[in-house]
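Visitor: My structure is below; once you've seen it, I'll send some questions.
The values are calculated or read from the model by the stated rules, or taken from the named source; none is laboratory data. Keep in mind that what you see is a predicted model, and the values were worked out from it rather than measured. Neighbour counts run over all protein chains shown; Cβ positions are idealised from the backbone, glycine included. In case anyone asks, the SASA skips ligands and DNA or RNA and just uses the protein heavy atoms, side chains included. Shrake-Rupley method; radii C 1.70, N 1.55, O 1.52, S 1.80 Å.
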Amino acid sequence: MNGSVYWRKKEIKTLAMKWKIEIYNKFSQPSGVVQDIIDLGIDQVESINFSRLYFLEGNLSIGQVEQICSQLLADRITENYRFYEEKSAPRDNGISQIEVVFKSGVTDTVAENICKGIGDLDISCLPETITAQTGRQYNFHFRADQTSPQSKRDLLEIIATRLLANEVIESFNISM
């Protein structure tokens, strides 16, 4: 009997959800990055939307994630946020995207401070602990032209390696 009780507890423990949180500015987007891309000789990018990313993993309810977003991660005046289970992330058709995160083993001090801040909010998710990771997301809108999907992917690879990610400590993912 003890074996099955232990197994059930262990099974429940593995049900921790991984949340993806996007924090974005209500009023402006990074025009400097567009200029940097033009300086690389790439003129097919029309605009870019930028979001700070947070990945939280633990036994957190939707209400707790809402509280973390509204009280810890986003500035109520200048920023909006959205969150969802990472495995059910919405996909914007026609949007090309680069996500940049720290590589495994690289210290993410912002993530460490988020975990401390969650503790200060007195959010309980026992028996689980909460883990966090930070990142950045860039959504690219290309000019309406005859640029093929492979050409767009090649351009995004250049942008990621030359401008957005420090490949010594960060990895990136391109999705289209």
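Visitor: At what distance in nm do the modelled label points of PHE50 and SER70 sit from each other, each positioned 7 Å from its Cα along Cα→Cβ?
Guide: It works out to 2.8 nm between the two label points.
Visitor: Further, regarding this structure: With a Förster radius of 22 Å, plug the Cβ-Cβ distance of LYS18 and HIS141 into 1/(1 + (r/R0)^6) and report the FRET value to the nearest 0.05.
Guide: Using R0 = 22 Å, I get an efficiency of 0.20.
Visitor: On a 1.4 Å probe surface of the protein chains, which of MET176, MET17 comes out largest in accessible area, and what is the full order?
Guide: The most accessible residue leads, giving MET176, MET17.
Visitor: Can you send over the solvent-accessible area of TYR81, 1.4 Å probe, protein chains only, in Å² to the nearest 10?
Guide: So the heavy atoms of TYR81 present about 60 Å² to solvent.
Visitor: Wrap a convex hull around the Cα atoms of segment 33-89, take a quarter of its surface area, and give that in square nanometres.
Guide: Value for segment 33-89: 5.8 nm².
Visitor: Another question about this same structure. Would you check the accessible area of GLU86, probe 1.4 Å, heavy atoms only, in square angstrom rounded to 10?
Guide: Surface accessible to solvent at GLU86 totals approximately 70 Å².
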